[in-house]
Amino acid sequence: MPMKPSNPIRIIIADDHYLFRSAMKNHLEAVPRFKVIAEATNGEELFNLVSEMEPDIVITDIQMPRMDGILTTKKIIASYPKIKVLAVSFLESEFAVVDMLEAGAKGYLCKNMERGELEVAVESLHKGEPYFSLQSSPTLIREIALSKFDPFKLKQSTSLSEREIEIIQLTCEEKTSQQIGEKLEISARTVETHKSNIYRKIGVSSIGLVIYAIRNGLYIIPTYHRKAE
């Protein structure tokens, strides 16, 4: 059995569904670096546990009884700004995910997440990097980019070549590497090389790239109706 590290990432989980909460706990505790120190079934209980134990990471559902994840996250971040909050949701409401990020969460996961995605998300937040679910819809990604949530404040002076900007713009149009290569008359492998360089320069994933591009004016959404402010 692998030894637990001396300074594990301390996590509190909040979800009012026992089976999902239990499955997530078991999954996390299979990773030696993670330690689930408490579980909550509602927002009030979560905030009390956070106040008592001050974890590194909070993983919380958005819709919970007594106090929802949005209000709870606002209270947590106001009192304990160093704690990283990861939202989990079935994406029944894309606007709720945006509200959660604006409340102070640093990322979110869809509950039907990919295998291994939970570990990646926790590690990303612990390093101070945002994380966005691989199941993110184009509409949700654009809502995040147009919201008050800004995970890229320190990265807006990144130098990009004209070719890299072209590839970013086509990526925002949901073009595959093969389609981008055909349009630019280069191979799909060359496109992937360019993308790797872009990700390295900006320090984001493919989903984060779209958010970065819209926020920094590299891609203008042709026609898009936002929620009313």
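Taken as a whole, the structure leaves VAL88 outside the set of residues that are of a type in the set (Val, Ile, Thr), in a helix (DSSP H, G or I) and touching a residue at least 40 places away in the same chain (Cβ under 8 Å).
For the range 23-30, the count of residues that are in contact with a Leu (Cβ under 7 Å, 6 or more places away or on another chain) and surrounded by fewer than 18 Cβ atoms within 10 Å (Cβ to Cβ) is at least one. Screening PHE95 with (1) surrounded by fewer than 17 Cβ atoms within 10 Å (Cβ to Cβ); (2) outside any helix (DSSP H, G or I) gives one miss only, at (2). Picking from residues in the range 157-175 that are more than 22 Å from ILE144 (Cα to Cα) and of a type in the set (S, T, N, Q), the one that is least open to solvent (accessible area, probe 1.4 Å) is SER161.
Comparison of ILE198, ILE202 shows that the only residue that is out of contact with any Gly (no Cβ under 7 Å at 6 or more places or on another chain) and either at pLDDT 85 or above or open to solvent by 50 Å² or more (accessible area, probe 1.4 Å) (or both) is ILE198.
Scanning the range 21-30 for residues that are more than 17 Å from ASN112 (Cα to Cα) and touching a helix residue (DSSP H, G or I) at 6+ places or on another chain (Cβ under 6 Å) turns up nothing.
TYR18 meets the conditions (1) surrounded by fewer than 20 Cβ atoms within 10 Å (Cβ to Cβ); (2) hydroxyl-bearing (Ser, Thr, Tyr); (3) under 17 Å from ALA96 (Cβ atoms) in every case but one. The failed one is (3).
Report yes if some residue within the range 96-118 is free of Cβ contacts under 8 Å to residues at least 24 places away in the same chain and within 23 Å of SER51 (Cα to Cα); otherwise report no. No: the range 96-118 contains no residue that is free of Cβ contacts under 8 Å to residues at least 24 places away in the same chain and within 23 Å of SER51 (Cα to Cα).
One residue alone among ARG21, ARG66, ARG10, ARG115 is more than 19 Å from SER136 (Cβ to Cβ), modelled with pLDDT under 95, not in a helix (DSSP H, G or I) and not β-branched (Val, Ile, Thr), and that residue is ARG66. All of LYS148, LYS183 fail the test of being open to solvent by 80 Å² or more (accessible area, probe 1.4 Å) and either out of contact with any helix residue (DSSP H, G or I) (no Cβ under 8 Å at 6 or more places or on another chain) or in a helix (DSSP H, G or I) (or both), apart from LYS183. Within the range 32-84, if we keep just the residues that are in contact with a helix residue (DSSP H, G or I) (Cβ under 8 Å, 6 or more places away or on another chain), under 18 Å from LYS106 (Cα atoms) and basic (Lys, Arg), the residue that is surrounded by the most Cβ atoms within 10 Å (Cβ to Cβ) turns out to be LYS84. Just checking, does the range 115-132 include any residue being open to solvent by 50 Å² or more (accessible area, probe 1.4 Å) and within 16 Å of LEU209 (Cβ to Cβ)? Yes: one or more hits. Of all the listed residues (PHE34, PHE90), the sole one being of a type in the set (Phe, Trp, Tyr) and farther than 22 Å from GLU129 by Cβ is PHE90.
The values are calculated or read from the model by the stated rules, or taken from the named source; none is laboratory data. As the structure is a computational prediction, the values presented were derived from the model and not from experiment. Every residue, glycine among them, receives a Cβ derived from its backbone with ideal geometry; neighbour counts consider all protein chains shown. Areas reflect the complete protein model, heavy atoms only, side chains present, ligands, DNA and RNA absent. Shrake-Rupley method; radii C 1.70, N 1.55, O 1.52, S 1.80 Å.
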